[in-house]
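Here's the structure we're looking at; comments come further down.
The values are calculated or read from the model by the stated rules, or taken from the named source; none is laboratory data. Bear in mind the structure is a predicted one, so any value in this text is a computation, not a measurement. Every residue, glycine among them, receives a Cβ derived from its backbone with ideal geometry; neighbour counts consider all protein chains shown. In case anyone asks, the SASA skips ligands and DNA or RNA and just uses the protein heavy atoms, side chains included. Shrake-Rupley method; radii C 1.70, N 1.55, O 1.52, S 1.80 Å.
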Amino acid sequence: MINTVRAEVITIGDEILFGQITDTNTAWIGTELTNIGVRVVRKSSVGDQTEAILQVLAEAHERADVIIITGGLGPTKDDITKKTLCTYFGVGMVRNETALALVTSFFEKRGRAMTDLNRGQADLPANAVYIQNDWGTAPGMWFEHQDRVYVSLPGVPFEMKHLMANRILPKLTAHFQAPIIKHKMIRTVGIGESFLAERIEAWEDALPEHIKLAYLPSFGGVKLRLTATGSDNSLLDSQLAEQIAKVMPLIEKNVYGFDNDEIETVVGKLLIEKQLTLGIAESCTGGYVSAQITKVPGSSAYFWGSVVSYSNSVKVNQLGVLPETLEAYGAVSEETIRQMAEGVREALGTSVGIATSGIAGPDGGTPDKPVGTIWIACSTQQRTITRLLKLGQYRDQNIQLTTMYVLNMLREEILNQY
């Protein structure tokens, strides 16, 4: 029988708690552990304090089979991980000659003098299995203690990743008989979590015991993560595909992609496939839609340009919006957004034009048009469609949501018309 292997990831360093650096290590480690069937049950961050580290190690021992520690392995006095591990395991420090030789070589190749602090990098807890770090002087360490595996790694991301990928993951795979864990993500847009849950309730209730569903709300929609656990890789793949085939008829209208698909990447592939070109007119989003489009490598094949028309004069002179339209209806109106989308398509000579105009906030709203009132449009040679969004009070959120919705409108129009 294959048992679940549980892991806890601990990051050490005051700089993480102070917000001076962003911890990217735990997310990467979590992904890599999942890929070899190890389930991460907890992630913790702790400062450079001996008692705090000892406490979190003791707690992790009760929860996990594998404890991965990053950080605190530098040569200076504030790097206390090795000394704390000696205290935790009840052992002394010994100099590892292999580690010393590699540290010495590291400095010699760079023409730099070594100090006693640098030589101290080769001092390890007596019960540590030395793990060679090819990209730095801080060693990796492997411990087996009371049926648990502890791994201590440098906090520098590129050193940690190299050690983890080339040394630690193979050792963990050999040490444990872990199950296979497979994830499949379904990305939806334009539907809230509760509405989505109601729509797929019967399907969710019928899922096999070894396949779990999680709802991950995000801007403009929800990601559905299916996680399957077992011992047969190909069987899990086919079972996940079977469940996706069952649920898709219920949610297909709202599904824009799978796994790592982003809306701008999906739209870009559709534009290339249908041999279409795109022009964008932006007001309230201030160029954010264009930035998302051009984030995709190769977007020059379909994206011809944009006009950020904050002022009414630019709407009139560059996009051809009629002055009488602005006078009668205002910049934030269905009539104006229609002319913006049609105008940018004609001005740039593209197959499709999309446009945004609204009140992103935090001020500028009126009783008739409060903050969060936003119009979007998509214009093709066949027709122009518009949509009114009624969003919230937060500017950044309104800009991101508007971008998501207008790109999805573009996606749907391409699929409907071409």
*Gain in span if fully extended, S313 to T76, counting 0.36 nm per residue against the direct Cα distance*: 79.3 nm
*The list (1) 27; (2) 22; (3) 47 gives values of percent of Cα pairs over 36 Å apart, and only one came from this structure; which label was calculated from it?*
(3)
*Loop sites in the stretch 1-91: chymotrypsin sites (Phe, Trp or Tyr not before Pro), DSSP, at most 16 other Cβ within 10 Å*: F18
*Give the ranking of Y302, Y394 by solvent-accessible surface, highest area first, calculated with a 1.4 Å probe.*
Y394, Y302
*What is the sum of charges around P323, taking Lys and Arg as +1, Asp and Glu as -1, for the other residues whose C-beta is under 14 Å from the C-beta of P323?*
-2
*Helix 334-348 axis, angle to the chain major axis (alpha carbon atoms, nearest 10°)*: 80 degrees
*With r defined as the distance between the Cβ atoms of A328 and E262 and R0 fixed at 22 Å, what FRET efficiency is calculated, to the nearest 0.05?*
0.05
*Carbon and sulfur: what percent of the chain's accessible surface (1.4 Å probe)?*
49 percent
*Per residue, how much accessible area does the stretch 324-418 have with a 1.4 Å probe, in Å²?*
44 Å²
*Mind telling me which of I272, I191, I337 comes out most flexible in a GNM of the chain, alpha-carbon contacts under 10 Å?*
I272
*Determine the calculated [θ] at 222 nm for the chain from helices alone, applying -39500 (n - 2.57) to every DSSP H run no shorter than 4 residues and normalising by the residue count; nearest 500 deg cm²/dmol.*
-12000 deg cm²/dmol
*asked:* Just to be sure I understand: with springs between alpha-carbon atoms less than 10 Å apart, which residue in E262, E193, E51 has the highest mean-square fluctuation in the Gaussian network model of the chain?
replied: E51
*In square angstrom, rounded to the nearest 10, how much accessible surface does H210 have for a 1.4 Å probe?*
60 Å²
*For W304 and E198, what is the calculated FRET efficiency with R₀ set at 35 Å and r taken between the beta-carbons, to the nearest 0.05?*
0.25
*Net charge near L271, counting Lys/Arg +1 and Asp/Glu -1 over other residues with Cβ under 13 Å of its Cβ?*
0
*What net charge is computed for the residues neighbouring A341, neighbours being all others with C-beta under 14 Å from the C-beta of A341, Lys and Arg scored +1, Asp and Glu -1?*
-1
_Solvent exposure, largest accessible area first (probe 1.4 Å, DNA, RNA and ligands not counted), of S231, S313_ = S231, S313
*Roughly how much of R39 is accessible, in Å² to the nearest 10, using a 1.4 Å probe?*
90 Å²
_Antiparallel DSSP beta bridges within the chain, percent to nearest 5_ = 60 percent
*Would you please put 216-224, 5-13 in order of how densely packed they are, using the mean number of other Cβ atoms within 10 angstrom per residue and starting with the highest?*
5-13, 216-224
*asked:* Just want to confirm a number: the relative contact order over the stretch 20-125, from Cα pairs under 8 angstrom separated by 6+ residues, in percent.
replied: 21 percent
_For the chain, set up a GNM with springs between Cα atoms under 10 Å and report which of P75, P179, P367 has the largest fluctuation._
P367
*Just grab the label-to-label distance for E97 and R387, each label 7 Å out from Cα along the Cβ direction, in nm (one decimal).*
7.0 nm
